[in-house]
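S.K.: Take this structure first; my questions come after.
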Ligand code: 5GP
């Protein structure tokens, strides 16, 4: 669906925008990556941004071996950094219904960061149930189940450098 070159070009563009927007940081920007799907995206972004960054990770319950969201979100791994008073950029692989992201956004917001913004690689707008405030977006995609560049099916295909449609 999206070639490795196109992904890298877009990631660089987003990183340039982030670097401009956060150029007057007081403390490093916390890149909060949502395990495991956004690790490739967050890592590549971190290589291209020119502002100082810290890394932190959260994990929520996933689809398991299925391709449909259960709608039930559970926190499996919490923040390890104190994000209170800090600039936080939450990095997501894909937003589908928006349930996972809005759950995490509210969770992080409760720790009272100085700012909290959302950066997502892939957006399936037509599937949205809960609105989410996207600040940086890679690509809008149609309602198809995709794998690669961090995204899995049953823990496979995360290492692919492009984004592919999963054939049933
Ligand atoms: P949401 O809560 O927005 O419905 O779902 C978000 C999560 O569902 C993503 O973080 C991702 O783990 C999973 N997901 C949604 N769509 C896809 C897809 O097309 N491919 C894969 N591999 N995961 C998806």
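The values are calculated or read from the model by the stated rules, or taken from the named source; none is laboratory data. No experiment lies behind these values; they were computed from the predicted model shown. Cβ: placed from backbone, ideal geometry, glycine included. Neighbour counts: every protein chain shown.
S.K.: Would you point out which residue out of 129, 141, 95 is at pLDDT 95 or above, near the ligand (Cβ under 9 Å from one of its atoms) and surrounded by fewer than 21 Cβ atoms within 10 Å (Cβ to Cβ)?
M.R.: 141
S.K.: Under 13 Å from residue 37 (Cβ atoms), in contact (Cβ under 8 Å) with a residue 24 or more places away in the chain and more than 8 Å from the ligand (Cβ to nearest atom): which single residue out of 122, 104, 75, 160 fits that description?
M.R.: Going through 122, 104, 75, 160 in turn, just one is under 13 Å from residue 37 (Cβ atoms), in contact (Cβ under 8 Å) with a residue 24 or more places away in the chain and more than 8 Å from the ligand (Cβ to nearest atom): 104.
S.K.: Sticking with this structure for a sec: Looking at the structure I just gave you, is residue 90 assigned to a strand (DSSP E or B) and modelled with pLDDT of 95 or more?
M.R.: Yes.
S.K.: In region 146-157, what residues are touching a residue at least 60 places away in the same chain (Cβ under 8 Å) and in a strand (DSSP E or B)?
M.R.: 146, 151, 153
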